[in-house]
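Working notes, beginning with the structure itself.
The values are calculated or read from the model by the stated rules, or taken from the named source; none is laboratory data. Not measured: the values here are computed from a predicted model. Reconstructed Cβ throughout: ideal geometry from the backbone, glycine too, with neighbour counts over all protein chains shown.
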Amino acid sequence: MEKIIEHINSNIDGYVEELKEFLRIPSISTNPENRDDLRNCAEYVGKRLNEIGLENVKIYETELHPIVYGDWLKAGDDKPTILIYGHYDVQPVDPVELWTAPPFEPVIRGGNIFARGATDDKGQVFIHMKSIEAHMKNNSSLPVNVKFLIEGEEEIGSVNLDKFIESNKDLLKCDYVVVSDTSMFGEEIPSICYGLRGLAYMQVEVTGPNRDLHSGSFGGGVDNPINALAHIITKLKDDKGKILIDGFYDDVIDLSEKEREEYSKLPFNEAQYKEGLEIDEVFGEEGYSTLERVSARPTLDCNGIWGGFQGEGAKTVLPSKAAAKISMRLVPNQHPKKIEKLFTDYVNKIAPKTVKVKVKDLHGGMGALTPLDSPAMGAAVIAIKKAFGKDPLFTREGGSIPVVNVFQTILGAPTILLGFGLPDENAHSPDEHFNLKNFHRGILTAAYYLDELSKLKANNNGKS
Ligand code: BES
Ligand code: ZN
């Protein structure tokens, strides 16, 4: 391993330069106008996988953005097979005027690389490419069998991935899945995430009169869709953060006493948290700590709202339409399909009769808990300790990677969430960045991890 580690340490500056090329591709999966960029990005990933020595590299078409696959299966049948999953698509960049530098022109400032996708998830995908390259360059082989699966639709709910996994079970067969798309607790506080929330994403459209009206002539006589929408929204949650949708909490598994005890030991500083966000008070479900609320409890939030006049100055109008995008983060046992129905029924029940309401479900996904006792988890702890010089903590996170549940149920493979991001790296927001020290330690961890995994037995799941 020494030679491999030395190789990484002496090439790290070059890796950062190479990462910039990946970050320059504007692979915003939700934008139809970026469709060609997604294809270019998939081809870029495929090219890189070939270059680092993977075989059978193939770009699989889907109804929308391509999936990239590559493998190296020559470690022997007695060695485990790991599937490394990540995504090459990124979130939209708006509000673009709030970025210090353009989002697809990566720059380095203060030990961080800034660009859309830097931490979520291109920088983290790149970590695995470089750790594999380092093994290949020094040994012309890998210590375990490796499969790579990089998709382009994670940020829009992995809409075509489940079908792909379902129909390519043999191709993807593995002992363990490794995903680097989560965060560590702090720069010097390495951690492994063992739980993610699920998601149900809804759109509520409210229609009042058949056209926009003069608010002087009609105001007072006709209900206003914006007011009606606000009325609906305020009835979704009480002022203590509890969600009021009938049956919403039925399948929630509450935190155990043991888990709450572990949570309370995490070095979370609420004063610093508030300061960093410039807020005077935190807000969330009564009876739970902030860390519990943002990772192990379900939530409901408006993600966008529109209607009426949005321009400068004033226009006296009683609009015909208003709408909102509302998402609910779910805990692992809650099923998005069931929650979508409960939400729709509840909104229809509380909607004023003066307007027409249409509820659409945009997408959803299950949450996941990953096993803490799998041998691959033990190997991850050792790898982190070697690269970071410290034992990792165990945390749950509030974000969603719906495919993790699918890996566990369809492939029957435990997933290890070996993330190297940080919670304040502005994922999904302006000035997204990735800590370069963690980029470096991430490559070291991933390199050690391959070595540690080779000490485990294959459980025969990964043989093709
Ligand atoms: N990297 C995130 C997931 C994540 C975020 C994990 C924060 C842990 C903490 C991922 O790329 C993401 O943003 N996923 C979406 C999924 C959704 C569109 C189904 C999310 O969580 O909003
Ligand atoms: Zn994301």
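Scanning segment 427-438 for residues that are closer than 22 Å to Gly367 by Cα and surrounded by fewer than 20 Cβ atoms within 10 Å (Cβ to Cβ) gives a single hit, His428. Residues that are hydrophobic (A, V, I, L, M, F, W, C), assigned to a helix (DSSP H, G or I) and crowded, with 22+ Cβ neighbours inside 10 Å: does segment 141-153 have at least one? No, segment 141-153 contains no residue that is hydrophobic (A, V, I, L, M, F, W, C), assigned to a helix (DSSP H, G or I) and crowded, with 22+ Cβ neighbours inside 10 Å.
For Pro392, are the conditions met, namely being under 27 Å from Pro80 (Cβ atoms), touching a residue at least 60 places away in the same chain (Cβ under 8 Å) and touching a strand residue (DSSP E or B) at 6+ places or on another chain (Cβ under 8 Å)? It is true that Pro392 is under 27 Å from Pro80 (Cβ atoms), touching a residue at least 60 places away in the same chain (Cβ under 8 Å) and touching a strand residue (DSSP E or B) at 6+ places or on another chain (Cβ under 8 Å).
Identify the residue in segment 82-96 that is within 30 Å of Asp170 (Cα to Cα) and part of a loop (DSSP other than H, G, I, E, B) and, among all such residues, is farthest from ligand 1 (Cβ to nearest atom). Checking each candidate, the answer is Tyr88. Looking only at residues of segment 36-45 that are more than 14 Å from Glu155 (Cβ to Cβ) and not aromatic (Phe, Trp, Tyr), we find that the one that is surrounded by the fewest Cβ atoms within 10 Å (Cβ to Cβ) is Asp36. Scanning segment 102-140 for residues that are assigned to a loop (DSSP other than H, G, I, E, B) and not aromatic (Phe, Trp, Tyr) turns up Pro102, Pro103, Glu105, Pro106, Gly110, Gly111, Ala115, Arg116, Gly117, Ser140.
Working only within segment 67-92, note down all residues that are of a type in the set (Gly, Ala, Ser), more than 16 Å from ligand 2 (Cβ to nearest atom) and crowded, with 24+ Cβ neighbours inside 10 Å. Answer for segment 67-92, where residues must be of a type in the set (Gly, Ala, Ser), more than 16 Å from ligand 2 (Cβ to nearest atom) and crowded, with 24+ Cβ neighbours inside 10 Å: just Gly70. Working only within segment 156-186, note down all residues that are modelled with pLDDT of 95 or more and within 15 Å of ligand 2 (Cβ to nearest atom). Within segment 156-186, Leu161, Val179, Ser180, Asp181, Thr182, Ser183 meet the criteria.
Within segment 274-325, the set of residues being basic (Lys, Arg) and not in a strand (DSSP E or B) comprises Lys274, Arg293, Arg297, Lys315. Looking across Ile384, Ile401, one residue alone is surrounded by 16 or more Cβ atoms within 10 Å (Cβ to Cβ) and within 16 Å of ligand 2 (Cβ to nearest atom). It is Ile401.
Across segment 360-384, the qualifying residues are those that are touching a residue at least 40 places away in the same chain (Cβ under 8 Å) and charged (D, E, K, R), and the one among them that is nearest to Glu187 (Cα to Cα) is Asp361.
Looking only at segment 367-411, count how many residues are farther than 19 Å from Gln334 by Cβ, in a loop (DSSP other than H, G, I, E, B) and within 12 Å of ligand 1 (Cβ to nearest atom). So the count comes out to 0. Only one entry of Lys74, Lys47, Lys58 meets the criterion of being part of a loop (DSSP other than H, G, I, E, B) and over 19 Å from Ile443 (Cβ atoms), and that entry is Lys74. Taking each residue of segment 407-425 that is under 12 Å from Tyr85 (Cβ atoms) and looking for partners that are charged (D, E, K, R) and part of a helix (DSSP H, G or I) with beta-carbon atoms closer than 8 Å, six or more apart or interchain, yields Leu411/Lys169. Residue count for segment 142-167 under the criterion of being in contact with a strand residue (DSSP E or B) (Cβ under 8 Å, 6 or more places away or on another chain) and under 16 Å from Thr81 (Cα atoms): the result is 7. Taking (1) surrounded by fewer than 21 Cβ atoms within 10 Å (Cβ to Cβ); (2) under 28 Å from Ile156 (Cβ atoms); (3) of a type in the set (Ser, Thr, Tyr) in turn, Ser27 satisfies each apart from (1). Scanning for something at pLDDT 95 or above, in contact with a helix residue (DSSP H, G or I) (Cβ under 8 Å, 6 or more places away or on another chain), more than 16 Å from ligand 2 (Cβ to nearest atom) and not in a loop (DSSP other than H, G, I, E, B), does segment 412-428 turn up at least one residue? Within segment 412-428, one or more residues are at pLDDT 95 or above, in contact with a helix residue (DSSP H, G or I) (Cβ under 8 Å, 6 or more places away or on another chain), more than 16 Å from ligand 2 (Cβ to nearest atom) and not in a loop (DSSP other than H, G, I, E, B). As a summary of the residue check, Leu266 satisfies the conditions (1) in contact with a strand residue (DSSP E or B) (Cβ under 7 Å, 6 or more places away or on another chain); (2) hydrophobic (A, V, I, L, M, F, W, C); (3) crowded, with 16+ Cβ neighbours inside 10 Å except for the one numbered (3).
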